Structures are given as C-alpha cells and as structure tokens.
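Quick notes on the structure that follows.
The values are calculated or read from the model by the stated rules, or taken from the named source; none is laboratory data. From a predicted model like this one, the values you see are computed outputs, not experimental measurements. With ideal geometry, Cβ positions are generated from the backbone for all residues, glycine too; neighbour counts draw on all protein chains shown. Side chains included, ligands, DNA and RNA excluded: accessible areas come from the protein's heavy atoms. Shrake-Rupley method; radii C 1.70, N 1.55, O 1.52, S 1.80 Å.
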Amino acid sequence: MGQRSKSKGWCGWFIVLVVAALVAAVIVISIRKRSDHSDKAAPVPGPPGAIDKKYSDALKLAMQFFDIQKSGKLENNKISWRGNSALQDGSEAKLDLSKGMYDAGDHIKFGFPMAFTATVLSWAILEYGDQMDVVDQLEPAQDSLKWITDYLINAHPSENVLYIQVGDPEADHKCWERPENMKEKRPLTQVNTSAPGTDVAAETAAAMASASLVFKTSDSSYSDTLLKHAKQLFNFADKYRGSYSVSIPEVQKYYNSTGYGDELLWAASWLYHATGDQAYLKYTVQNGNAFANWGSPTWFSWDNKLAGTQVLLSRVSFFGGKGISNSENSGLQKYRKTAEAVMCGLLPKSPTATISRTDSGLIWVSEWNALQHPVASAFLAVLYSDYMLSSRTAKLSCDGDSYKPSDLRHFAISQVNYVLGENPMKMSYLVGYGDKYPQYVHHRGASIPADATTGCSDGFKWLKSKDPNPNVATGALVGGPFKNESFVDSRNNSMQVEPSTYNGAVIVGLLSSLVTTSSVVQSFT
C-alpha cells in the first residue's frame with residue numbers, strides 16, 4: 001500500500017510539470033508571435049554584403065541583352081553576331097538617330113517603350129548601383145543607359161519637337177532579316193504642337209531627368225544637358241496636351257497609350273528628385289485628383305506609370321524633404337497609401353491579395369508578354385521593402401494584418417525564382433541561364449546565321465526553320481508562360497518567346513536589388 005501511494009504521488013508531480021511546461025511553451029510562442037508583429041523595426045541595412053551567386057550570374061546575363069539590341073555604330077562590341085546597323089537613321093531630318101535600341105525582335109525604334117526602358121534602368125542604377133558595382137555591372141548599365149539617352153537627346157532637336165519612331169512597322173514586319181542587312185526606308189515620326197504626344201514626351205522627360213541623376217557626379221556637363229531637355233520636354237508635354245495615340249493613330253497597333261496623366265505625374269516626380277524644385281512636387285499634388293487614381297492599385301508597365309510614381313513619391317514620404325508644406329505632405333500620404341495598396345495586393349497571404357496569379361504563385365495579368373507584370377511588381381516590392389528598412393518602418397498594414405519588409409522581399413524572390421526555373425516547366429525564361437531555356441527566341445538577329453546573305457523576304461526561311469536559333473540572345477527575358485503555366489518554345493509564338501528591352505530593364509532592376517542583402521536607401525541628390 002505504502003509503495004503504491006508513493007508511485008501515485010510521483011505521477012501527480014510529473015503531470016504538474018508537463019502541464020507547466022506546456023503553459024510555458026504557449027507563452028513563449030505567443031510572445032514570439034507578438035514580437036513578429038511588433039512595432040520594432042528591423043536593423044537598417046549596411047553596405048552590400050555577401051554576393052548571391054545565382055542572382056549575380058543572372059544579372060550579368062541580363063545586362064548583355066542591351067548590347068544585343070543596340071543600333072548604330074557599335075563600340076567595344078561584345079556580341080560576336082552583331083555589327084553596325086541603321087547608320088543613316090535620322091538623315092532625312094539631318095539628325096543622327098543611329099543609336100538607341102530596337103524594342104524587341106524586330107528593328108523599329110519605338111520612343112515610348114525605349115524611354116521607359118531608360119527611366120527604369122536609371123532607377124535601378126540610382127537605388128542599386130552599389131550592388132551592381134560589386135559584381136562589375138555598374139559600368140555596363142551606365143553605358144547601356146547612355147546609348148539610349150544619346151539617342152533621345154538627338155531625337156529632341158527643338159523645344160516642341162520630339163521624334164518618337166524610326167522605321168515603318170508595317171514594312172518592317174514584312175521582312176525577316178538581320179539589322180546589319182536592312183535596306184528598307186526608315187521614315188521618321190514626330191510629335192509637335194499640332195500633333196501632340198504628352199505621354200511619350202513626358203516619359204522621355206522622365207528618362208532624361210532620372211538619367212541626369214545617374215551621370216551627375218561622373219559627367220556633370222552631360223547631366224546638365226539631360227536635365228535641360230527634361231525640363232523642356234515636360235513643359236511641351238504639359239502645355240500641349242494630347243495622347244500620341246490620338247495624334248498618330250498608326251501607333252495604336254504597336255504601343256498604344258491608354259492615357260497621359262500617369263506620365264505627367266511620373267515625369268514631375270523625377271524632375272523633383274533631379275532638381276529639388278518644389279514646383280514639381282507641388283505639380284504632383286495639385287494634379288493628383290485628376291490623374292493619380294488614388295486608392296486604386298494598378299500594374300506598373302511601359303503604358304501605366306502610376307504604381308511606379310506612387311512608390312517613387314513614397315520615397316519622399318518615408319525620408320522627408322526640405323520645405324514640404326502641409327498640403328504637399330497630405331498629397332504625398334495619398335500616394336503612399338496607394339503604394340501600400342499595391343504592396344498589399346502583391347503579398348500572397350494579404351487579405352487584399354490579387355487573384356491574378358498562376359497556381360504556382362506567379363503574378364499573371366496578360367497573355368502577351370506575361371512576365372512583364374510579375375517582374376515589374378517584384379522590382380517595386382523590393383524597392384518598397386528597402387524604403388521601409390532604411391526608414392525604420394517596422395510594418396505594413398493590409399486590412400488589419402501586418403507584414404514586414406522581409407515579406408515583400410520574399411514575394412519578390414518568389415517571382416524571380418520562378419523566372420529562373422522554379423516553375424512547372426522547370427525552365428528558365430531568362431535566355432542563357434541554367435540548363436534549360438528557350439531555344440527558338442522570336443528575334444531576327446538571333447535566328448539568322450551571322451554569315452548568311454538574305455534580303456527582306458527570303459530570310460523568312462529562318463523564321464520557319466525547325467532548328468534552334470544559331471545565335472543565343474543572351475540575357476533576353478522572353479514573354480513567358482500562359483495562365484496554366486504552359487510554354488510553347490516556337491519561333492512563330494511571338495506571344496511567349498519574344499523578348500523586349502523594357503523587360504530587360506525591369507529584370508535588371510530586380511536582380512540588382514537581390515545580388516546582395518538589402519541595400520540602404522540613400523539620397524539621389
């Protein structure tokens with residue numbers, strides 16, 4: 001009897017200890033959960049840390065696509081199958097428009113997406129140039145940017161005239177040939193006071209203003225020239241309002257603009273950062289009600305700059321600026337609130353998460369060039385994450401739920417990893433990266449052997465060829481998968497396998513942001 005009583009007592013104490021341990025565990029877990037959603041900010045990031053080889057390798061490849069797309073007399077040409085082309089572009093107007101870049105797999109120089117490419121590339125350099133530099137990609141990025149801005153300067157010969165296209169798209173698309181062999185006429189298209197193009201002029205102003213910041217310390221004279229053109233183009237865009245798609249209906253088939261208010265705000269935002277002139281910031285606030293679409297998140301692209309503008313102006317809200325009035329600060333808060341709505345829509349576990357995704361979690365908005373939106377969205381997400389970190393902003397609230405800067409970064413990583421091969425096709429959509437990537441890229445120069453002699457029409461045999469491209473369009477980000485995550489690697493499937501320079505700009509920005517640990521945000525000026 002005595003022995004059994006002793007055993008019972010021991011069991012009782014054991015049960016008490018187990019219960020106490022469970023209670024303690026629950027308390028610890030609760031505290032940890034609470035601390036995860038606490039107001040305590042993460043440490044401010046320092047200078048670039050350890051290099052992530054995957055993203056570094058991908059960045060080095062992505063940067064090469066700009067060299068592939070260059071028009072004109074090539075300097076220090078690193079692409080064996082490319083040579084000089086379009087050397088007479090602009091001659092009919094006594095201008096040198098030989099530089100610039102072909103937009104995609106064809107040979108037209110479209111000013112609207114080309115200027116957007118330059119603006120995004122500038123933004124990437126300004127925010128992540130230190131990270132580009134540690135993997136020797138800053139100089140190539142600056143060189144590619146200058147190749148475009150040299151062209152844009154020459155395309156703006158007077159205050160109210162901007163040449164926005166070189167070549168005839170209808171004639172160009174009847175040919176399949178290398179750019180080095182082009183013999184067709186390449187007419188020029190312009191916007192001016194009687195045929196305004198607010199959207200394209202304002203985007204070009206944004207490109208020049210942002211690029212002026214890139215070259216401010218390395219080439220102050222060139223920077224000043226860019227800024228002068230940016231101011232003139234913004235004045236032209238604002239004073240003579242009208243969409244270039246209305247003034248020149250032929251462009252609707254290729255790069256149709258759905259409005260110009262976003263470009264005016266985008267350009268004014270960049271001019272504020274480039275000049276510090278309060279008038280440009282005031283412009284974004286005063287015209288916000290008309291153009292900003294506050295409270296309604298949108299997708300960032302060559303056609304719609306609102307989400308980019310909201311993130312860029314959030315930068316000012318996060319870090320402050322000199323002499324900002326109460327009304328201006330109130331306007332900035334509206335931009336930031338909409339930027340937060342954009343971020344909440346991207347976060348997959350947010351109550352307001354967008355349903356525009358594939359089953360594997362890739363943001364998916366359109367069949368044509370599907371990868372433009374997820375990559376651009378991921379770039380904005382990393383920017384916003386780094387703004388939060390550098391400003392010691394602990395969390396982002398999405399309909400009552402809290403998220404940290406690291407959540408935005410994880411979203412961005414999920415998108416780029418999908419692009420680089422973590423997808424149902426087990427394929428990298430960045431040409432040259434990994435063991436499996438598209439072999440039939442819809443790109444004339446890549447599809448025709450460098451030593452082939454072809455004219456306009458007989459080159460179509462290379463389009464129809466069943467053989468893989470003889471030249472690798474290294475660094476090209478192709479259009480990407482369908483909603484069901486299938487992908488058909490066929491040269492005729494331009495919807496999925498055609499690359500573009502504006503895709504190149506957003507993937508370079510995204511990869512640059514991930515090359516090392518989060519980058520501390522510094523002043524542009």
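Could you compute the FRET efficiency for SER80 and LYS239, with r as their C-beta to C-beta distance and R0 at 51 Å, rounded to 0.05?
0.60
Here the calculated FRET efficiency for ASP224 and LYS183, from their Cβ-Cβ distance with R0 = 41 Å, stands at 0.55, rounded to the nearest 0.05.
For helix 198-214, report the angle its Cα long axis makes with the longest principal axis of the Cα atoms of the chain; keep it between 0 and 90° and round to the nearest 10°. So the helix axis and the longest Cα principal axis differ by about 70 degrees.
Nearest 20 debye, what's the magnitude of the dipole of the range 53-513 about its Cα centre given +1 on Lys and Arg Cβ and -1 on Asp and Glu Cβ?
On the way: 43 positive and 48 negative charges, 104 e Å.
Result for the range 53-513 is approximately 500 debye, rounded to the nearest 20.
The angle separating the long axis of helix 306-319 from the principal Cα axis of greatest extent in the chain is about 60 degrees.
Pull out a ≥ b ≥ c, the square roots of the eigenvalues of the alpha-carbon gyration tensor of the range 53-513, then state rounded if a/c is under 1.5, prolate if not and a/b is larger than b/c, and oblate in the remaining case. Note, shape of the range 53-513 comes out oblate. The label point for PHE460 and the one for ASP136, both projected 7 Å from the Cα toward the Cβ, are 4.5 nm apart. Cα gyration tensor of the range 171-238, axes a ≥ b ≥ c as square roots of the eigenvalues: rounded (a/c below 1.5), prolate (a/b > b/c) or oblate? Cα axes put the range 171-238 in the oblate bin. When the C-alpha to C-alpha distance is required to be over 28 Å, the pairs from LYS73/LYS94; LYS54/LYS228; LYS99/LYS185; LYS70/LYS228 that qualify are LYS54/LYS228.
Hey, with R₀ at 35 Å, roughly what FRET efficiency would LEU87 and ASP277 work out to, going by the Cβ-Cβ distance, to 0.05? All intermediate terms of the calculation are to be shown ahead of the outcome.
Details: r = 39 Å, r/R0 = 1.11.
That pair, LEU87 with ASP277, gives E of 0.35.
Taken as Cα centroids, the range 240-294 and the range 80-108 sit 27 Å apart, rounded to the nearest whole angstrom. Computed over protein heavy atoms with a 1.4 Å probe, the accessible surface of the range 56-164 works out to 32 Å² per residue. Using 0.36 nm per residue and subtracting the Cα-Cα separation, the extra length available between ALA195 and THR352 on full extension is 52.3 nm.
Surface composition of the chain: carbon plus sulfur atoms hold 52% of the accessible area, using a 1.4 angstrom probe and ignoring ligands, DNA and RNA. Computed over the alpha carbons of the range 298-442, Rg followed by Dmax gives 16.7, 56 Å.
Based solely on its DSSP helices, what 222 nm [θ] is calculated for the chain when runs of n ≥ 4 H residues each add -39,500 (n - 2.57) and the sum is averaged over all residues, nearest 500 deg cm²/dmol? Numbers along the way, then the final one.
Details: 20 runs with 266 residues, N = 525.
Dividing the helical sum by the residues of the chain leaves -16000 deg cm²/dmol.
Inter-label distance, PHE319 to TRP294: 2.4 nm, where each label sits 7 Å from its Cα along the C-beta direction.
Could you work out the relative contact order of the chain, using alpha carbon pairs under 8 angstrom and six or more residues apart, expressed as a whole percent?
21 percent
Helix 405-419 and the longest principal axis of the C-alpha atoms of the chain enclose an angle of approximately 50°. Checking the a/c ratio against 1.5 first, then a/b against b/c, what shape does the Cα gyration tensor give for the range 385-456? Note, shape of the range 385-456 comes out prolate.
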